[in-house]
Every structure is written in C-alpha cells, then in structure tokens.
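Asker: Please see the structure below; I have some questions.
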C-alpha cells in the first residue's frame, strides 16, 4: 500500500512541475546497514544534482501574510 501511495505522490509532484526523483521509498531490514549506506549516498548525490527545492525558493520569495491571530484583537468585537 505504501508503494502505491509513493507512486501517487510522484504523480502529484509531476503535475506540480516538481521532479518526482525527489521522492523515493526503499524496503530494507535492519540487517542491511551497508545497503542503507549506499542508498543514502546515492540519494544524496541525486538531490545535490537536482539542486535546491523550487518550493523553498518560492516560499522564501513570499511575504508572510498577517492573519487575525498575528495582528492581535485591538478594535475587534471580541470580548
């Protein structure tokens, strides 16, 4: 079931113009330490090649939006 969810999420990433290679799932046992280390190294290389997240860059360029809670309640009808 988890593998199906990952494939679904990869599709959503692609629809959002984000590289689905940023998401991956691996099935390992606790006894596969050397394999886990290789996977971490390979995935880290892949992420470095992809560069910074376009989502993070977009969010950093946005101004925070003040909502009702951050502005306080001065002058409101609330008691």
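Asker: Could you give me D for the range 2-56, from Stokes-Einstein at 10 °C and 1.306 mPa s, where the hydrodynamic radius is the Kirkwood radius over C-alpha pairs? Units µm² s⁻¹, please. Numbers along the way, then the final one.
Answerer: Working: Rh = 12.6 Å.
For the chosen part, D equals 126 µm²/s.
Asker: At 7 Å along the Cα-to-beta-carbon direction for both residue 42 and residue 4, put a label point, then send me their distance in nm to one decimal.
Answerer: Result: 2.6 nm between the two label points.
We did not get these values from a lab; they are worked out from the coordinates using the rules stated. In this text, all values refer to a predicted model and were calculated from it rather than measured experimentally. We place every Cβ from the backbone using ideal geometry, glycine too, and count neighbours over all the protein chains shown.
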